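The values are calculated or read from the model by the stated rules, or taken from the named source; none is laboratory data. Keep in mind that what you see is a predicted model, and the values were worked out from it rather than measured. Cβ placement follows ideal geometry from the backbone for every residue including glycine, while neighbour counts extend to all protein chains displayed.
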């Protein structure tokens with residue numbers, strides 16, 4: 001273990017967990033491959049989760065690593081990281097970013113609320129395609145469409161400058177004041193706090209709409225400039 | 001020659017990946033290009049059947065990758081088109097027999113000798129799909145005008161963008177003009193509105209495809225078939241030529257044409 005302070009391997013319930021230490025990505029990457037090659041026989045066929053700590057990885061880095069591990073008959077299924085960028089990259093590549101499968105109840109406290117809802121926002125400037133998922137404790141603003149099969153789970157509000165056809169959960173920590181706005185609001189399902197709504201068949205042309213909880217019910221109203 | 005690697009994929013099964021690969025390959029090869037198709041669907045190979053070459057297989061993709069034969073030995077020459085080759089998939093193994101970097105190496109070896117390397121991807125988004133897109137220069141996504149196929153195409157396009165292989169190009173296959181007209185099938189516009197990628201082909205539903213598949217004779221070699229014409233046009237567009245899209249209309253017969261003559265602006 002001391003020979004490789006950059007790479008630690010231990011067994012967990014879901015397979016093996018590899019923890020990467022400090023250093024440049026090039027060094028750590030090489031150390032990982034060396035370690036894996038040394039123990040090739042022992043590791044063959046294993047499912048790996050990788051804790052990359054503070055390393056910030058781009059899609060190319062992660063994709064390359066996954067392919068190199070595939071060559072060695074190892075399958076990478078999860079990447080755990082302290083960096084939101086890396087987490088996003090991993091999610092885009094279809095990798096898990098948490099070890100314990102978090103699918104209990106649709107209740108609060110799923111998102112770690114170190115950020116108070118209302119304090120921070122995340123801007124997503126792209127179209128979210130099927131299978132893409134964003135989880136963020138603050139607000140989420142999307143410039144682009146949210147296609148069916150994509151999901152956004154936000155602690156605060158969700159604003160979509162585009163078509164909303166996927167699933168959105170605003171106020172996921174139980175914030176009933178959260179709202180969802182979109183230019184064309186036709187989500188497969190929409191959740192605010194603990195309420196779940198399904199959009200009725202739309203009649204006529206799409207118009208910008210805002211959804212909020214009013215009188216204990218999820219309701220959509222036209223999204224217009226505020227009248228004084 | 002430095003061949004371009006084109007991967008044909010879809011996410012959903014049964015939308016026509018193998019048919020499209022075989023027909024594009026045949027269309028390119030009959031145009032004088034040197035083409036090799038690689039069947040990446042290890043364990044469920046089909047491309048050899050569609051091309052009518054199943055009885056000529058001696059070595060396959062896995063044999064090449066594992067070094068049991070030289071690359072040349074696994075190349076099966078087509079019986080009609082001397083410039084068309086096939087590397088078949090292994091039937092008795094599974095997707096993990098090949099890795100993405102094996103595919104990259106294989107394609108790098110083929111590039112100097114070929115104009116086009118077409119890879120027929122398996123359905124799904126797992127290892128087989130990653131093998132198929134790893135070496136790709138161009139990714140062609142096939143979909144049908146139905147909700148489930150379009151949903152899967154959307155997912156696939158997202159994954160292709162994530163792997164930095166984008167932008168994907170789209171072929172909409174098996175369009176039934178009559179149903180579109182009656183509003184019972186998604187129209188090309190509906191599909192494009194959701195997927196928002198470059199369209200390089202619209203292929204009408206054509207019974208000739210089924211008979212040609214059964215006979216092992218790609219429909220793009222049949223001058224009369226509408227689908228064959230559509231595939232030939234896609235091949236030309238891959239080569240960078242500007243070809244107008246076919247007008248996909250139902251065969252209405254004599255009375256339909258007469259009605260259209262009488263009311264040219266109608267419907």
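So, in segment A:90-115, of the ones that are assigned to a helix (DSSP H, G or I) and in contact with a strand residue (DSSP E or B) (Cβ under 9 Å, 6 or more places away or on another chain), which residue ends up modelled with the highest pLDDT? Across segment A:90-115, the extreme among qualifying residues is A:90.
Scanning segment A:46-59 for residues that are within 14 Å of chain B (Cβ to nearest Cβ) and touching a helix residue (DSSP H, G or I) at 6+ places or on another chain (Cβ under 9 Å), we see that the one that is surrounded by the most Cβ atoms within 10 Å (Cβ to Cβ) is A:57.
The set of residues in segment B:10-49 that are in contact with a strand residue (DSSP E or B) (Cβ under 7 Å, 6 or more places away or on another chain) and over 23 Å from residue B:71 (Cβ atoms) comprises B:10, B:15, B:16, B:17, B:20.
Residues that are in a helix (DSSP H, G or I), farther than 15 Å from residue A:18 by Cα and more than 9 Å from every other protein chain (Cβ to nearest Cβ) within segment A:63-89 comprise A:64, A:84, A:85, A:86, A:87, A:88, listed in sequence order.
Would you confirm, using the coordinates I've provided, whether residue A:175 is surrounded by fewer than 19 Cβ atoms within 10 Å (Cβ to Cβ) and assigned by TED's automatic domain parsing to the domain that holds residue A:158? No: the conditions fail for residue A:175. In summary, residue A:14 fulfils each of the numbered conditions (1) under 24 Å from the mean Cα position of the chain (by Cα); (2) more than 14 Å from chain B (Cβ to nearest Cβ); (3) at pLDDT 85 or above with the single exception of condition (3).
Annotation: residue B:135 fulfils all but one of (1) more than 14 Å from every other protein chain (Cβ to nearest Cβ); (2) over 15 Å from the mean Cα position of the chain (by Cα); (3) part of a loop (DSSP other than H, G, I, E, B); the unmet one is (1).
Please verify whether residue B:80 is surrounded by fewer than 21 Cβ atoms within 10 Å (Cβ to Cβ), without any contact (Cβ under 8 Å) to a residue 40 or more places away in the chain and either on the phi < 0 side of the Ramachandran plot or not in a loop (DSSP other than H, G, I, E, B) (or both), treating the condition exactly as stated. In short, no. Residue B:233 falls short of the stated requirement of being surrounded by fewer than 18 Cβ atoms within 10 Å (Cβ to Cβ) and assigned to a helix (DSSP H, G or I). Looking only at residues of segment B:42-62 that are outside any loop (DSSP other than H, G, I, E, B) and touching a helix residue (DSSP H, G or I) at 6+ places or on another chain (Cβ under 6 Å), we find that the one that is surrounded by the fewest Cβ atoms within 10 Å (Cβ to Cβ) is B:54. With the condition kept exactly as written, say whether any residue in segment B:121-132 is within 30 Å of residue B:196 (Cβ to Cβ), crowded, with 23+ Cβ neighbours inside 10 Å and more than 14 Å from chain A (Cβ to nearest Cβ). Yes, segment B:121-132 has at least one match.
Give me the residue from segment B:156-192 that is in a loop (DSSP other than H, G, I, E, B) and either within 14 Å of another protein chain (Cβ to nearest Cβ) or modelled with pLDDT of 95 or more (or both) and, out of that set, farthest from residue B:13 (Cα to Cα). For segment B:156-192, the residue satisfying everything is B:164. All told, residue B:140 falls short of being farther than 28 Å from residue B:196 by Cβ and either in contact (Cβ under 8 Å) with a residue 40 or more places away in the chain or within 12 Å of chain A (Cβ to nearest Cβ) (or both).
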